[in-house]
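Worksheet for the structure shown next.
The values are calculated or read from the model by the stated rules, or taken from the named source; none is laboratory data. Predicted, not measured: the structure shown is a model, and the values here were computed from it. Positions of Cβ are backbone-derived with ideal geometry, glycine not excepted, and every protein chain shown enters the neighbour counts.
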């Protein structure tokens, strides 16, 4: 019949969910520690509990060696000849057990108060370790599982839940911002991890894990439960927003519609369970470019470019008005999209991309390198010294100061002046070439404009030349007389004949000795009147101005 001590150990084991052999081993270890303390012995002791009587026997265990020369630890080793006096069947390398003490639990022999207190501490420590091992082995294989738990107490920012066989802890970072629980309230939690060497509850549960949303969708959506619709990815920020990517294995089943439900009933039930957390349901696509466009909804994406497929890096360009919407509040939308895709995402507006391209072009232009031999005024010796000092381009040479040039071996102040003059001449020649090219381009443009105007003008207009200021000031009556004839007859040839007649008349008058007034009167008579019988204004102007004999 088992003793009272063994019955007590058995009851404790069932209460704590511990194997009775573990508790017996803890009691034996505690007695060994107490005995060694009371006997002040360094021997290797071993305790054995008698199940029937409840007594604990303590033995000293010694290792057998063959000769005295092999003895290294006299306390824990014994020569073969001495060992066979205690056990005739023992061999070299075996163990010999020597009885040291016998303890009854009602009256332990030779154990003082300090030894008993030490035994108690060892016993409690062994039992706690056994409990931790039991809890760890129980829940380590259930990480990620959804369990029902009851709020047991509140310890600062943490919540302590009762899982039935053990307690669990929910840290503040694993709680949703929108949720609050009272003591005794039940909730569904996710077993996040199990800590073996932690103080307090080892099981850490969470309400912020994406697995909770996945479990809720499996519960509410039959198509997900039977495998017709699959959840490919979930990105969540607890209390704020969740993005979930779904895929339908049946082409006749709409994955997004199945998750939303009629009038949104299915997803609304999940939102109520999460205390109003927003949920975006996105259709999964194997192409990362298409998937990125869907993941960044509700923003409209202009284009997506894969920057590095090995590093999983994307660049997304959106319209300037869509940039803030694509980034989201505090970067939430793009952060969740990146988690959903598993890619790095860089979002830029059209204006930012344009500026980036311009900067890259400017950088490419600025990286042009002109070799030193393009400067004709530099001699071979100077070129060799400069190249030997690491100066290989005109641009690098132009950026150097006189002090830096003088630091080059073989280059003095006079050589520095020569180099400076050569560089200045080189850049001046470049500016002259550029200005000449600009003038040629301007001349070509002006010629093109003249040709276009000539083509646009009619044939009658191109034959008529404009009147210059010099001709108008001189009062040439031949040209002025030609205008009324051209206006009357519409024929330019008539105007030319009239001009010749007027000039001949003037020449005859001058030859015959007529005065200036006579010449004017003769010119007026030769000038035909207009349709209304009036003298043309040009002819009148010629008569007022007069024609000098020197001109004729």
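The condition of being buried (at least 19 other Cβ atoms within 10 Å of the Cβ) and assigned to a strand (DSSP E or B) does not hold for residue 336.
Answer yes if at least one residue in the stretch 142-149 is assigned to a helix (DSSP H, G or I) and either surrounded by 15 or more Cβ atoms within 10 Å (Cβ to Cβ) or in contact (Cβ under 8 Å) with a residue 24 or more places away in the chain (or both), and no otherwise. Before the answer, list the steps.
The initial filter retains those residues of the stretch 142-149 that are assigned to a helix (DSSP H, G or I), namely 142.
Going one step further and asking which of them are either surrounded by 15 or more Cβ atoms within 10 Å (Cβ to Cβ) or in contact (Cβ under 8 Å) with a residue 24 or more places away in the chain (or both), we end up with 142.
The answer is yes; a qualifying residue exists.
The conditions of being at positive phi and outside the structural domain of residue 340 (by TED's automatic domain parsing) are met by residue 261. Quick check: is even one residue across the stretch 192-209 in a helix (DSSP H, G or I) and either touching a residue at least 24 places away in the same chain (Cβ under 8 Å) or more than 23 Å from residue 177 (Cβ to Cβ) (or both)? Within the stretch 192-209 (the criterion being in a helix (DSSP H, G or I) and either touching a residue at least 24 places away in the same chain (Cβ under 8 Å) or more than 23 Å from residue 177 (Cβ to Cβ) (or both)), the answer is no, since none of the residues qualifies.
Of the residues making up the stretch 153-177, those that are touching a residue at least 12 places away in the same chain (Cβ under 8 Å) and within 16 Å of residue 188 (Cβ to Cβ) are 159, 161, 162, 163, 168, 170, 174, 175, 176.
Conditions (1) touching a residue at least 12 places away in the same chain (Cβ under 8 Å); (2) touching a strand residue (DSSP E or B) at 6+ places or on another chain (Cβ under 9 Å), marked per residue:
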{"position": "288", "(1), (2)": "yes, yes"}
{"position": "309", "(1), (2)": "no, no"}
{"position": "327", "(1), (2)": "yes, yes"}
{"position": "330", "(1), (2)": "no, no"}
{"position": "357", "(1), (2)": "no, no"}
{"position": "360", "(1), (2)": "no, no"}
{"position": "392", "(1), (2)": "yes, yes"}
{"position": "398", "(1), (2)": "yes, no"}
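For the stretch 323-333, a residue qualifies if it is crowded, with 18+ Cβ neighbours inside 10 Å and within 16 Å of residue 278 (Cβ to Cβ), and the qualifying residues are 328, 333.
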